[in-house]
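Here is the structure we will look at, set down as structure tokens.
The values are calculated or read from the model by the stated rules, or taken from the named source; none is laboratory data. Source: prediction; values computed, not measured. A quick note on method: Cβ atoms are made from the backbone with ideal geometry, for glycine too, and the neighbour counts reach across all protein chains shown. What goes into the accessible areas is simple: the full protein's heavy atoms, side chains included, and nothing from ligands, DNA or RNA. Shrake-Rupley method; radii C 1.70, N 1.55, O 1.52, S 1.80 Å.
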Amino acid sequence: MANEQRVRDVVLLAYKAFGGTVKGKTMLQKRVYFLSVILNDDLGYEAHYYGPYSEAVASANIEMKSLGYLSESVAGWGVDRRGFELARYDYRLTDAGTRIADRKASLSPELWNKIEAAAKVVSEAGNLDYMELSIAAKAYFVLIQMNHKATLEDISSMLPKFGWDVSKEELQKATEFLQRTNLVTKASAA
């Protein structure tokens, strides 16, 4: 079980490390997922429709919003095939949130340095949109279930077991991202 205070600290510092803004709940979940992987930190991630998901991360985000550390804006972007409106929830550290994040970073420099370095790895591996980052997270989640040794075909055959539908091209792009993060090598993801 994830330590709630640790999750709150990681999420707060993740916002700081990624420039104070995250566009969408899915993007937040996947960025923090990769930070947790790089940090080797259990933040409560489990299989979910859009890939690995942590209720603890979602709760920390809601708590920070209610405390006034985050502002939330809603961007509407159409209607799905069933007629439901689609929206993306974007978050930004408020002035108070920025002060708290800066204070947390100064009080926990070891954690901050690790998160900052991990965020840099994720950012420099490629500017993926939330769907591409979700696919990369799904691929890595499956790879973990397979003890870190699998071919693309192995990963592809496991994805449906979690209810995930990913094309071979999407999986290839995802594993290229994972290689750039040094989370996989060509031998284990080829």
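State all residues of the stretch 41-73 that are of a type in the set (A, V, I, L, M) and open to solvent by 90 Å² or more (accessible area, probe 1.4 Å); if no residue qualifies, say none. Hits for the stretch 41-73 are Ile62, Leu67. Selection within the stretch 2-34: residues that are among the small types (Gly, Ala, Ser) and in contact (Cβ under 8 Å) with a residue 24 or more places away in the chain. The member of this set that is surrounded by the most Cβ atoms within 10 Å (Cβ to Cβ) is Ala14.
Residues in the stretch 46-81 that are of a type in the set (D, E, K, R) and outside any helix (DSSP H, G or I) were compared, and the one that is farthest from Thr94 (Cα to Cα) is Arg81. What residue, among those in the stretch 99-147 that are open to solvent by 90 Å² or more (accessible area, probe 1.4 Å) and assigned to a loop (DSSP other than H, G, I, E, B), is farthest from Ala47 (Cα to Cα)? Here the answer is Asn127. When the criteria are applied in full, Val37 meets the requirement of being open to solvent by less than 60 Å² (accessible area, probe 1.4 Å), closer than 26 Å to Pro160 by Cα and in contact (Cβ under 8 Å) with a residue 60 or more places away in the chain.
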